[in-house]
Amino acid sequence: MAIDVQSSPQAVPEADLVNDFALMVATKNGSGSQTSNLVLIRTLFKMGIPVSGKNLFPSNIKGLPTWYTIRASKDGYIARRATTEIAIAFNQDTAAQDIADLPVGGVCMIPQDWQWGRSRDDITWYEVPVKELITQAEVPSDFRDRIANMVYVGACAHLFDMPLDIIYEALLDQFNGKEKPAKMNYDVIMLAHEWAANNLTKADPYHFAPLNLTEGKILIEGNEAAALGSLFGGVNVAAWYPITPSTSLIDGVISHLNLRRDPETGKNTVAVVQAEDELAAIGMIIGAGWAGARAMTATSGPGISLMAEFAGLAYFAEIPCVIWDVTRVGPSTGLPTRTSQGDLLFMYFLGHGDSRQIVMIPGSVAECFEFGWRSFDLAEAVQTPVFVMSDLDLGMNLWMSDPFDYPDTPINRGKTLADRGQLEGFLEEFGEWYRYRDYDKDGVTYRTIPGVEHRQAAYFTRGTGHNDMAVYSERAEDWVQNMERLHRKFDTARTLVPQPIIDHTPDNPVGLISYGSNDPAIAEARDRLAASGIQTNYMRIRALPFAQAVKDFVMGHERVYVIENNSDGQMHQLLRLDIAEDTTHMAAMPLGDTLPMTAQWIFDEITARETN
Amino acid sequence: MTTRNRTNDLGLTRADYKGGKSTLCPGCGHDSISNHIISVAHEMSLPMHKVIKMSGIGCSSKTPAYFLGGSHAFNAIHGRMPSVVTGATLANHSLTAIAVSGDGDTGSIGLGQYKHLMRRNVPMVYIIENNGVYGLTKGQFSATADEGQVLKYYGRNDLPPIDLALEAVIGGCTFVGRGFSGDSKQVQALLKAAISHHGTAVLDIISPCVTFNNRPDSTKSYVYGKDNQILLHEIDFTPQGFVPAREEITVDSYESGEVIEVEMHDGSFIRLKKLSRDHDPRSRSEAVRLLEEAEREQLFLTGLIYYEEPRPTLGETLEIHSTPLAQLTEAHLRPSRETLDDVMKRFM
């Protein structure tokens, strides 16, 4: 089957472009392309090339368009790239736009069976006979449609120089070491590779070449990292209700549950409960946290809405628990498969009456792991719900990372009088124990847990008015005194939450502030800004409430830009609220375009603002 | 020495099981139920530190403050006490959960959690203090109010009631009883059995609201209850470790169905002596038929409506550790450094 492949009308650039471009695969949701895409990205990772993958998928089970973009970067940049040089256009419904979006000199691989014709003459075309190749391969008919996606893997392997043996390793990884499915897929890849070698003439400048920049590194999604962190943090009860994009976080807890199975008895030290809704999920973790267990849930914006009443109760009743919000765009259902940082204000003020919640904001998969375990220590140390704000981009995409550090502090149960001896010791020292009396003057009080065998251990937990002895009270003075203590506790929390990461050169007038998954884009943009003569300092906020260092950074710069992925500039608003000084030198720089942030946007925006 | 002053196995008197002073209206049926709980806990020598008192929102849900002052309590939010109990009992399965709800709390926003609780067989006693009316918000109809009933401010109730006992039977609850707060003997026997039950035990107790729903024509009033209560059977509860006084009963009485004896999961016994009606609570279809008849004929039938050999509790289904999860220490809570290294290798 000889196919006449004409070379592209444009000339091949003189220098090859190696390990610094992006490749996008356009397919239909549910077609099985995710396996092929993961094999591609894992192969590059195993070749030692820094990679990142962004899955842009629809809220749909089967049939709607999905795009998977793989970026290779010899310089180690892992943010989403604004342009994509190579399109594997395997979805006829979107092919016209996918091809139109290619830059001049780009590459389009397309099924030959469509007889698409070459709609542009300034890109390189590779037509691949997908149907023919699949018919040749001895694939059981049930698998044909799914395995068809392996054709582009094989063609890419030839065109862009991906070694077949490494592809096979990646396949084995993808199938958990099972040789049968790996082999079946590999046969198709080899067939397509061989066909491409015999029939396609390389006419574009893009190549992958082995590097040694991923050795010792891992490739993992933020949600799985968070799940592992939670398990290493001692989670006992995980109650949840499925919602994109948080579902894979609890899936991760379930799939790694063996880590917490007692080897002696075979029994679980974690109970995972799929609740009837988010109302019940948070109720369960509050009950568990109250009774002394480490409890968590994971949800997204609409679930947070449903949890509002219980979150308010837990704030006032001072019950530790951990709530992950893997954020997505908009209201229920908004754009459930697009990313956003739009729940920040909502989470912070969640509850009725005066409440300000603690929010941890991981900026990498390593921090998803770290905050996974640290959130439980913080929740128990402050005796309050702790929210952890991740997002779809961080949670559901694969990220390259150093292996996670083992927790560097032992489990901290806070001021918990967990047994008779501890309560007696306390009574000996203080002569009394009352649940909400501020013995240490830091706002955090001592709690007993149900089951402590002591006649003074019991107390009544309620959201309604109570005095510091946990006795029902409608006295105004009692309410005010309690709120003053909660404010004290809030200030204590400022010192206990993860402090901001600051990259600071003295006398540099420009300060950038951001948080969460924007970090890689900002790192890349800063390099480019520096190369163009704009030096910047950078602070990545890692938690609410703000530490003192946050204020110092804002006040220590002539011009400050708060870069975030929501429309309202929510962090900017919070900073202005929290800093009781003139902050007119601090500008909002919100994006909120439903996609992971790019360095290009930051570079353009800062350049424009700094040169005006 | 009267029962009230007698010390129990723990050396405690009945007074030791009391709580704070009630703030409910004088004569409220709910206060009677609090007193029944106090008596039963005393008689059963319940260690108070092993009891948790749980509630939602409403008049009924305030009552845990009025009994068992030595027990931890959690006054949660409207209709969502079940989820809190689910979490608390997973955290510590050795606790005895006594939960109080009302018809407003359970029959409206709480209906979903009520059903899912019993589906999971969360080990707890779920008491519904059922008066057909909202008290704290001043006299609105609840979902259990009588159809056609007229109340002072809210007029006529045109909707049929939800039977919360029937919902429990259909929902797979393995212990369902109905009582009348004014009948201390039966309520206390039902309470003892419910506390001994391995799983969710629901007690729907008609508990008159003296302020908003106590007119004699209301099926939730004192007068109606006193005049119309029909005992399904006489209930005897024999705690674990005691031999039931079988000698009083002839073998014939078992065989003829005059007496039904149920051995509970913990070795205690419930013995039901037949009165005017035949009812075998071990049959679900019989329980459903009975409740439908009661609804149709407006019969106030009380007693053990349904009992079945309990399924595993939620904690057992999830195969959680025998040590309460809340009491596990670092060795069980945090896998080793080597384990993390191994896990990391899988992602390389």
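The values are calculated or read from the model by the stated rules, or taken from the named source; none is laboratory data. Fair warning: this is a prediction, and the values are worked out from it, not measured in the lab. Cβ coordinates were reconstructed from backbone atoms using ideal geometry, including for glycine residues, and neighbour counts include every protein chain displayed.
Given the criterion under 14 Å from A:V25 (Cβ atoms), buried (at least 18 other Cβ atoms within 10 Å of the Cβ) and either touching a Gly at 6+ places or on another chain (Cβ under 7 Å) or in the same structural domain as A:Q600 (by TED's automatic domain parsing) (or both), identify the matching residue among A:I99, A:I110, A:I86. Being under 14 Å from A:V25 (Cβ atoms), buried (at least 18 other Cβ atoms within 10 Å of the Cβ) and either touching a Gly at 6+ places or on another chain (Cβ under 7 Å) or in the same structural domain as A:Q600 (by TED's automatic domain parsing) (or both) holds for just one of A:I99, A:I110, A:I86, which is A:I86. Taken across the range B:86-94, residues that are surrounded by fewer than 24 Cβ atoms within 10 Å (Cβ to Cβ), closer than 19 Å to B:L191 by Cα and touching a Pro at 6+ places or on another chain (Cβ under 6 Å) do occur, with at least one present. Residues in the range B:11-60 that are charged (D, E, K, R), farther than 30 Å from B:Q140 by Cβ and away from chain A (no Cβ under 14 Å): 2 in all.
When you check A:G330 against the structure, is it away from every other protein chain (no Cβ under 13 Å), closer than 24 Å to A:A79 by Cα and touching a helix residue (DSSP H, G or I) at 6+ places or on another chain (Cβ under 9 Å), yes or no? Yes.
Screening the candidates A:G292, A:G312 for the property of being buried (at least 24 other Cβ atoms within 10 Å of the Cβ), more than 25 Å from the chain's Cα centre (by Cα) and modelled with pLDDT of 95 or more yields one hit, A:G292. Filtering the range A:287-310 to residues that are of a type in the set (A, V, I, L, M) and either touching a residue at least 60 places away in the same chain (Cβ under 8 Å) or within 26 Å of A:T339 (Cβ to Cβ) (or both) leaves A:A291, A:A295, A:M296, A:A298, A:I304, A:L306, A:M307, A:A308. Pairing residues of the range A:243-263 that are without any contact (Cβ under 8 Å) to a residue 40 or more places away in the chain with residues that are among the hydroxyl-bearing types (S, T, Y) and crowded, with 17+ Cβ neighbours inside 10 Å, at Cβ distances under 8 Å and at least 6 apart in sequence or on separate chains, gives A:V253/A:S230; A:R260/A:T269; A:R261/A:T269; A:D262/A:T269.
Taking each residue of the range A:484-507 that is touching a residue at least 40 places away in the same chain (Cβ under 8 Å) and hydroxyl-bearing (S, T, Y) and looking for partners that are surrounded by 15 or more Cβ atoms within 10 Å (Cβ to Cβ) and in a helix (DSSP H, G or I) with beta-carbon atoms closer than 8 Å, six or more apart or interchain, yields A:T492/A:V382.
Restricting attention to the range A:476-491, does a residue exist that is at pLDDT 95 or above, in a loop (DSSP other than H, G, I, E, B) and at negative phi?
Within the range A:476-491, the first condition is being at pLDDT 95 or above, and the residues that meet it are A:476-491.
Restricting the remaining residues to those that are in a loop (DSSP other than H, G, I, E, B) gives none.
No, because not a single residue in the range A:476-491 is at pLDDT 95 or above, in a loop (DSSP other than H, G, I, E, B) and at negative phi.
With the structure loaded, tell me whether B:S276 is small (G, A, S), surrounded by fewer than 20 Cβ atoms within 10 Å (Cβ to Cβ) and closer than 30 Å to B:H116 by Cβ or whether it fails that test. No: the conditions fail for B:S276. Only a single item in (1) surrounded by fewer than 18 Cβ atoms within 10 Å (Cβ to Cβ); (2) of a type outside the set (G, A, S); (3) more than 12 Å from chain B (Cβ to nearest Cβ) is not met by A:V253, and it is number (1).
Quick grid of which residues meet (1) modelled with pLDDT of 95 or more; (2) within 7 Å of chain A (Cβ to nearest Cβ); (3) assigned to a loop (DSSP other than H, G, I, E, B):
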{"residue": "B:Y306", "(1), (2), (3)": "yes, no, no"}
{"residue": "B:E309", "(1), (2), (3)": "no, no, yes"}
{"residue": "B:P312", "(1), (2), (3)": "yes, no, yes"}
{"residue": "B:E316", "(1), (2), (3)": "yes, no, no"}
{"residue": "B:S322", "(1), (2), (3)": "yes, yes, yes"}
{"residue": "B:A331", "(1), (2), (3)": "yes, no, no"}
{"residue": "B:P335", "(1), (2), (3)": "yes, yes, yes"}
{"residue": "B:D341", "(1), (2), (3)": "yes, no, no"}
{"residue": "B:K345", "(1), (2), (3)": "yes, no, no"}
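Among the candidates A:D343, A:D377, A:D438, the residue that is closer than 15 Å to A:K489 by Cβ and of a type in the set (D, E) is uniquely A:D438.
Could you list, in sequence order, the residues of the range A:315-326 that are over 12 Å from A:F387 (Cα atoms) and either at pLDDT below 95 or not hydrophobic (A, V, I, L, M, F, W, C) (or both)?
Of all residues in the range A:315-326, those over 12 Å from A:F387 (Cα atoms) come to A:316-319.
A:E318 - this is the single residue of the range A:315-326 that is over 12 Å from A:F387 (Cα atoms) and either at pLDDT below 95 or not hydrophobic (A, V, I, L, M, F, W, C) (or both).
Filtering A:I358, A:I282, A:I319, A:I323 for residues that are over 25 Å from A:W479 (Cβ atoms) and either surrounded by 23 or more Cβ atoms within 10 Å (Cβ to Cβ) or more than 14 Å from chain B (Cβ to nearest Cβ) (or both) leaves a single hit, A:I323.
Of the residues that sit in the range B:260-304 and are in contact with a Gly (Cβ under 9 Å, 6 or more places away or on another chain) and under 22 Å from B:T96 (Cα atoms), which one is modelled with the highest pLDDT? So the residue we want is B:L304. Residues that are polar (S, T, N, Q) and either part of a loop (DSSP other than H, G, I, E, B) or buried (at least 19 other Cβ atoms within 10 Å of the Cβ) (or both) within the range A:393-450 comprise A:N397, A:S401, A:T409, A:N412, A:T416, A:T445, A:T448, listed in sequence order.
Of the helices (runs of 4 or more DSSP H) contained entirely in the range B:74-138, those carrying at least 2 residues that are of a type in the set (G, A, S) and within 13 Å of chain A (Cβ to nearest Cβ) fall at B:81-91.
Looking only at residues of the range B:63-73 that are over 16 Å from the mean Cα position of the chain (by Cα) and part of a helix (DSSP H, G or I), we find that the one that is farthest from the other protein chains (Cβ to nearest Cβ) is B:Y66. The condition (being of a type in the set (D, E, K, R), out of contact with any Cys (no Cβ under 7 Å at 6 or more places or on another chain) and within 30 Å of B:E338 (Cβ to Cβ)) is satisfied by just one residue among A:D438, A:D408, A:D478: A:D408. Taking the criterion of being within 12 Å of chain B (Cβ to nearest Cβ), part of a helix (DSSP H, G or I) and among the charged types (D, E, K, R), the residues of the range A:169-226 that qualify are A:E169, A:D173, A:E224.
Looking across the range A:502-527, the residues that are outside any helix (DSSP H, G or I) and buried (at least 21 other Cβ atoms within 10 Å of the Cβ) come down to A:G511, A:L512, A:I513, A:S514, A:Y515.
Residue count for the range A:502-533 under the criterion of being under 16 Å from A:V560 (Cα atoms) and in contact with a strand residue (DSSP E or B) (Cβ under 7 Å, 6 or more places away or on another chain): the result is 14. Beta carbons closer than 7 Å, at least 6 apart along the sequence or on distinct chains, pair a first residue in the range A:564-582 that is closer than 12 Å to A:F546 by Cα with a second that is polar (S, T, N, Q) for A:L575/A:T583; A:R576/A:T583. Among the residues making up the range A:90-118, those that are touching a Ser or Thr at 6+ places or on another chain (Cβ under 6 Å) and either in a loop (DSSP other than H, G, I, E, B) or among the charged types (D, E, K, R) (or both) are A:F90, A:N91, A:P103. Remark: pairs (first residue in the range A:43-63, more than 22 Å from A:S401 (Cβ to Cβ); second residue of a type in the set (G, A, S) and modelled with pLDDT under 95; Cβ separation under 6 Å; 6+ apart in sequence or on different chains) = A:I61/A:G30; A:K62/A:G30. Filtering A:T244, A:T214 for residues that are out of contact with any helix residue (DSSP H, G or I) (no Cβ under 7 Å at 6 or more places or on another chain) and more than 15 Å from A:V273 (Cβ to Cβ) leaves a single hit, A:T244. Residues in the range A:234-248 that are in contact with an Asp or Glu (Cβ under 8 Å, 6 or more places away or on another chain) and part of a helix (DSSP H, G or I): 1 in all.
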